[in-house]
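Colleague: Below is a structure I'd like to ask you about.
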Amino acid sequence: MKKQINYLFIIACSIIISSCDSKISDDFIKSEPIKIALTPNEVQMTANNNNFAMDFFSALYENSENTENIIISPFSLSMALAMVWNGAEGETKQAIQDAIGMGDYPQAEVNSYFKKLNDALLKTDPNTKLAIANSIWTNKGFPVKQSFYDINKNWYNAEAKELDFSSPDALTTINKWCYDNTNGLIDKILDQIPEDVQMYLLNALYFKGIWASKFDANETKKLPFYKEDGTNVSVDMMHQNTTSNYYADENLSFTSLGYGNGAFAMIFVLPQQNISFDELLVQLKQPDYFHNCLQYSYTADVDLYIPKFKIEYEEKLNKTLESLGMGIAFNPILANFSGISDIPLFISMVKQKAYIDVNEKGTEAAAVTVVEIELTSTGGEPQKVTFRADHPFLFAISENSTGTILFMGKVGNP
């Protein structure tokens, strides 16, 4: 049985880590990353939302049948759930708010936090292409409260459109929106529109970053990658020597590699050779463990080996979110979305589809989250080290000044 991962890991990953790469790419604009200033409450919201990110990853890892390779976007899911949260009331509203880590903060403060992140993340690195889009699609003629549209337009820049869901063109239109807002990486999120569905809320997230210190393609060699079942596969293993934060003990080693001006970075957490991926997750549950690892990390000259990898992942998230306390929102009898409409509604489906491609130049990633709403009818000189990611490892892409996790996942078979 797969173990749940403690939130300390994700918080630690998010405060880590800007690579101090020694070789700088010539093709990016030299600028300092913008430090996103957060209020004390917003700092706590970020920590709580990163807690949700790891809880989400952990529950998905435990509930999913396919755990060899995973790519998810906690940020995309949080944004989509925050939008539908604005139409929830009573226990349903509190359940969603607790799940995404927003505690008892007032609605306006939560919405302001997401708007600040949305606006600032787009500006912090001119070298990194980041696009965030939100939309609400409503079945033609279904009565929706204008206040629900207004709050999501004002705080989430969500476009609202009416479609005749009985028309085949409706499915094509929604899927085309996904294609257009992920640079063509995700061309379909829906296979059909069930008869009782009255609304879809979508978030699309696109990321493209170039390494601050790019890999030389001539250094990429075929090398073995050792899978969890004891077999190995030949992979394209990238290689470079760089200067970065590093830590190692008997359980794990970690390092990172920055993009562009250093505002964003990819973090790599590798279990030691005698430690399985599941055992690594158990160790990360220990109180203060990874926080202490961070305290003793140091700058090192890292002989870095990372496999090229490309992952496409799609998962229905109902069961995962129910396990995180959101069951009431999926219950046709108990769900309360009276902030959307006076007609009783419930969440019939939450699904996410994500993609990532990591190569010598950098990283391209995208995610679409859809929420389906249905009628209720149913120190010192650098030490030289080697970091060879030739067995399953965890990765995350984060913005460094706030620690916001955009994407995270597992590579078990590149």
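Colleague: Sort out which residues of region 390-414 are charged (D, E, K, R) and more than 19 Å from S76 (Cα to Cα), and write them in order of number.
Modeller: D390
Colleague: Right, another one. For the list (1) more than 29 Å from Q146 (Cβ to Cβ); (2) crowded, with 16+ Cβ neighbours inside 10 Å, I need the number of the one condition that F114 fails.
Modeller: That leaves (1) as the condition not met.
Colleague: I need the helices (runs of 4 or more DSSP H) fully contained in region 253-361, keeping only those with at least 3 residues that are assigned by TED's automatic domain parsing to the domain that holds F57.
Modeller: Passing ranges, in order: 318-321.
Colleague: Going residue by residue through region 74-93, is there one that turns out to be charged (D, E, K, R) and either under 29 Å from L394 (Cβ atoms) or assigned to a helix (DSSP H, G or I) (or both)?
Modeller: yes
Colleague: Considering region 186-216 alone, what residues qualify as being basic (K, R), closer than 14 Å to T363 by Cβ and assigned to a loop (DSSP other than H, G, I, E, B)?
Modeller: K214 - this is the single residue of region 186-216 that is basic (K, R), closer than 14 Å to T363 by Cβ and assigned to a loop (DSSP other than H, G, I, E, B).
Colleague: So how many residues does region 134-152 have that are closer than 28 Å to G209 by Cα and out of contact with any Phe, Trp or Tyr (no Cβ under 8 Å at 6 or more places or on another chain)?
Modeller: Within region 134-152, residues that are closer than 28 Å to G209 by Cα and out of contact with any Phe, Trp or Tyr (no Cβ under 8 Å at 6 or more places or on another chain) number 0.
Colleague: Shifting gears a bit: Is it true that S234 is outside the structural domain of A354 (by TED's automatic domain parsing), crowded, with 20+ Cβ neighbours inside 10 Å and among the small types (G, A, S)?
Modeller: no
Colleague: Right, here's the next one. Restricting to region 129-170, give me the number of residues that are at pLDDT below 95, surrounded by 14 or more Cβ atoms within 10 Å (Cβ to Cβ) and more than 25 Å from N111 (Cβ to Cβ).
Modeller: Total satisfying the criteria: 1.
Colleague: In this structure, is K221 at pLDDT 95 or above and surrounded by fewer than 22 Cβ atoms within 10 Å (Cβ to Cβ)?
Modeller: yes
Colleague: Please go through region 243-284 and give me each residue that is in contact with a Cys (Cβ under 8 Å, 6 or more places away or on another chain) and among the β-branched types (V, I, T), ordered by number.
Modeller: Of everything in region 243-284, those that are in contact with a Cys (Cβ under 8 Å, 6 or more places away or on another chain) and among the β-branched types (V, I, T) turn out to be T243, I267, V269.
The values are calculated or read from the model by the stated rules, or taken from the named source; none is laboratory data. Bear in mind the structure is a predicted one, so any value in this text is a computation, not a measurement. With ideal geometry, Cβ positions are generated from the backbone for all residues, glycine too; neighbour counts draw on all protein chains shown.
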